[in-house]
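Reading through the structure tokens given below for one structure.
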Amino acid sequence: MEGAGEGSAKDRLVVVGGGIAGALLAKSMQSIADVVLIDSKDYFEIPWAELRSMVEPSLTRRSLISHTDYTRARVIVSSATHITENQVFTADGGSFTFDYLVVATGHAYSTPRGRDERIKEFQLDNEKIKSSESVLIIGGGPTGVELAGEIAVDYPEKKVTLVHKGSRLMEFIGSKASKKALDWLTLKKVEVLLEQSVDLNAISEADGVYTTSSGEKIAADCHFVCIGKPLGSSWLHESMLKDSLDKKGRLMVDEYLRVKGQRNIFAVGDITDVPEIKQGYLAQRHAEVVANNLKLLMKGGATEKKLAKYKAAYSMALVSLGRKEAVAQFPFITISGCFPGLIKSRDLFVGLLESDEEIELLAEDDVESSGKNEHPPRDAESDGGAKEVKVKDEDSEPGDEDVKEENNDGDGDHGVDDVLGLQ
Ligand SMILES: Cc1cc2nc3c(=O)[nH]c(=O)nc-3n(C[C@H](O)[C@H](O)[C@H](O)COP(=O)(O)OP(=O)(O)OC[C@H]3O[C@@H](n4cnc5c(N)ncnc54)[C@H](O)[C@@H]3O)c2cc1C
């Protein structure tokens, strides 16, 4: 049995999941606690650079970062399989004792364990696209739409067909955004087939023809499956946290982002049941709040009133459409074209990660001393000393374009946000 920092005076913190939320948290806690970061792969990946990397594999040099290049936490490359009150167990037989645990296993990826293999995977995908005259994309969520956009712009001579079983593209955001994406794809000659599906168990690239649920035949030299990834909570189903999972498999958290009913276990990012659109920049904010709370708790004597609170945000969503354009859903307006494209599509915020100095910004070592979350945001309500970090009308629905709350910009300190380009 291994402990995070066995024999050390520091508290032992285990972070499970090395996506945006977990990576930031591990980095920001590394000088306060003995941190173990458990991830099923040895690198951090900017998720929204995935589709561009399929048409431009050299982007992976900047969008895939070895965990050991940005954090001094002890990195364990294995899948977590089980937890008890004070231990996490991994698939390769490891066990790690914790004083505090943060679950950040957003989605379970079937991506390779090693960074080099992941780079190779993108190169192979790119060769497949280049050698095909026609491409079928299965799934019209953000992944399918962004991939269709990347191929349509970089390889306009190729025939792209997108099949989606829903009645509109990208149902996670409002219908105006769906319509704008559909119009843009149609303009780029992408054929979009809605309310149809393709049986994944009955397809083979060798056939060159795919039959949809309504019997339509699609000729394509290759296909890409872009359906939603499963939540990364299956490993908790038989654990002590099984009753903390909601029906969808998300971890139920309180306003401090602590798993409901637990004293020393927090959850951050897509795995939580916080009622907001699941976005990376919000996962960052979760990590900031939890880092703040962990530091207070580790110092000792923190009462609940001192802990930072998180309130679900009305979030913006940006889906890129090729290299220059995007569709963006902001609180009051949904727009598409070059303006939102300027925000995201050009380099998908990856350029901001280029220098070591900027990688250092991945998190601040001391949230408190930087003043982060020390003061409520401009529009937050004070609550007897409790710190509000998000502001949202709890009744508002993601995708409802009439919501009147502002996107919370928190405290105006964008050190972490700047790295991923979101403010
Ligand atoms: C196409 C697309 C475009 C997007 N564009 C944007 C955008 O422009 N802006 C934005 O803010 N958000 C965007 N998002 C959303 C954003 O990617 C997610 O909200 C964000 O990645 C969530 O981060 P996370 O850390 O919670 O989880 P994830 O990024 O899902 O990371 C989870 C980590 O946990 C690991 N893991 C899972 N299970 C285990 C286990 N049992 N043991 C060990 N490790 C495990 C995984 O390997 C992974 O490293 C986009 C998403 C997609 C799909």
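All of the numbers you see were taken from the coordinates with simple rules; none came from a lab. A quick note: this is a predicted structure, and the numbers were derived from the prediction, not measured. Positions of Cβ are backbone-derived with ideal geometry, glycine not excepted, and every protein chain shown enters the neighbour counts.
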ask   = Rounded to the nearest 20 Debye, what is the dipole magnitude of segment 118-222 about its Cα centre when Lys and Arg each give +1 and Asp and Glu each give -1 at the C-beta?
value = 380 debye
note = Per the rule of 0.36 nm per residue minus the C-alpha distance, extending residue 339 to residue 240 adds in nm 30.9 nm
key: Dipole axis of segment 85-193 (+1 Lys, Arg; -1 Asp, Glu on Cβ), positive-most option in 126, 94, 186   = 186
inquiry  = Just want the ordering: 268, 14, from fewest to most Cβ atoms lying within 10 Å of their own Cβ.
reply    = 14, 268
ask   = Given +1 on the Cβ of Lys and Arg, -1 on the Cβ of Asp and Glu, and no further charges, what dipole in debye does segment 15-128 carry about its Cα centre, rounded to the nearest 20?
value = 260 debye
ask   = Once you charge only the Cβ atoms, +1 for Lys and Arg and -1 for Asp and Glu, what is the size of the charge dipole of segment 141-293 about its Cα centre, to the nearest 20 debye?
value = 400 debye
query = Of the beta bridges DSSP finds with both residues in segment 85-205, what % are antiparallel, to the nearest 5?
reply = 25 percent
request  = Once you've got the Cα coordinates, tell me which of 165/217; 10/295; 158/180; 180/324 are over 18 Å apart.
outcome  = 158/180
task = Send over the semi-axes of segment 96-233's equivalent ellipsoid, whole angstrom and largest first, taken as the square roots of 5 times the C-alpha gyration tensor eigenvalues.
result = 29, 20, 16
message = Please compute the contact order of segment 118-222 in relative form: average sequence separation of alpha-carbon pairs under 8 Å and at least six residues apart, divided by the residue count, as a percent.
response = 28 percent
task = Measure off 7 Å from each Cα along the Cα-to-Cβ vector at residue 197 and residue 217, then give the distance between these two points in nanometres to one decimal.
result = 2.4 nm
request  = Within segment 1-94, report the trypsin sites (Lys or Arg not before Pro) that DSSP leaves as loop and that have at most 16 other Cβ atoms within 10 Å.
outcome  = 10, 72
remark   = For segment 102-226, the charge dipole (Cβ of Lys, Arg +1; Cβ of Asp, Glu -1; about the Cα centre) points to a positive end, and the Cα of 220, 142, 206 closest to that extreme belongs to 142
message = Highest mean first, how do 134-142, 196-204 rank when packing is the count of other Cβ atoms within 10 Å averaged over residues?
response = 134-142, 196-204
ask   = Under 20 Å from the Cα of residue 278, which lysines turn up, not counting those fewer than eight places away in the same chain?
value = 176, 229, 247, 248, 260, 309, 311, 344, 390, 392, 404
